Amino acid sequence: MGAYHEMFQVETEKGITFRDVTDTVIQAAARSGIKNGLVNVYSQHTSCSVLIQEDSEDVTYNHVPLVLQDMVNVLEKIIPDCRYEGQYLHPGPIHSKNAQELRQEKTEWLLNTDGHLRSVLLGRSETIPLVDGEMMLGEFGRIYFADMDQTRERTRCVRVQIVGD
């Protein structure tokens, strides 16, 4: 049994950002040389998710696939956007002080608790079977990286770990 690891970066924008990373992951699987096993796609960021969904073909004016916008609309009802200090318990005074003093974060960047909570519900990874060198995503399955932190644009890391023969 072998293992292969690869990391790639995703640029995100202010607001919830979705990136279709399917083709990048397929290319990583091909480079791995592994034909049968498991492909794990993982976000190391606590306000981001990796999910599998179909390509709904139609998009919003902001280029969000409609099925993903529907998901955002539902999540917003369960976990409202963080708009003001104190709306959620996090971040507390110690975290806020450390973020500003130790990491030079702007105060408005601290209004991202909704992104952290949403990523917990959606999950930070997906595992896809690899059979005869092909990922078993189904007819319409696509792999999306979602950045739920609406406060700023970021450079995010996505990790692909493949194990098998």
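The values are calculated or read from the model by the stated rules, or taken from the named source; none is laboratory data. These numbers come from a predicted model, not from an experiment. Cβ atoms come from the backbone with ideal geometry, glycine included; neighbour counts cover every protein chain shown. Surface accessibility is based on the protein's heavy atoms, side chains included, excluding ligands, DNA and RNA. Shrake-Rupley method; radii C 1.70, N 1.55, O 1.52, S 1.80 Å.
Note the listed values (1) 17.0; (2) 27.9; (3) 19.5, then indicate which one is Kirkwood radius over Cα pairs in Å calculated from this particular structure.
Read-out taken from this structure: (1).
Given points 7 Å out from each Cα along the Cα-Cβ axis, report the Ser125 to Glu6 separation in nanometres with one decimal.
Label-label distance for Ser125 and Glu6, simple model: 1.8 nm.
When the accessible area of region 16-165 is computed with all protein chains present and a 1.4 Å probe, what percentage of it is carbon and sulfur?
C and S fraction of accessible area: 52 percent.
Straight-line reach from Lys97: which lysines have Cα under 26 Å away, leaving out those fewer than 8 places along the same chain?
Excluding near neighbours in sequence, the set is Lys14, Lys106.
Build a GNM of the chain with springs between Cα atoms under 10 Å: which of Leu51, Leu68, Leu121 gets the top mean-square fluctuation?
Largest GNM mean-square fluctuation: Leu121.
List the trypsin sites (Lys or Arg not before Pro) within region 97-148 that DSSP assigns to loop and that have no more than 11 neighbouring Cβ atoms inside 10 Å.
Here the trypsin sites (Lys or Arg not before Pro) that fit, given the DSSP loop and packing criteria, are Arg103, Lys106.
I need the trypsin sites (Lys or Arg not before Pro) found in region 1-93, filtered to DSSP loop residues with at most 10 other beta carbons within 10 Å of theirs.
Passing both the DSSP loop test and the Cβ count: Arg83.
Which of the GluC sites (Glu not before Pro) found in region 4-67 are loop residues per DSSP with 13 or fewer other Cβ atoms within 10 Å of their Cβ?
Loop-located and lightly packed - Glu13, Glu57.
Do you know the relative contact order of the chain, to the nearest whole percent, from alpha carbon pairs under 8 angstrom that are 6+ apart?
Here the relative contact order equals 55 percent.
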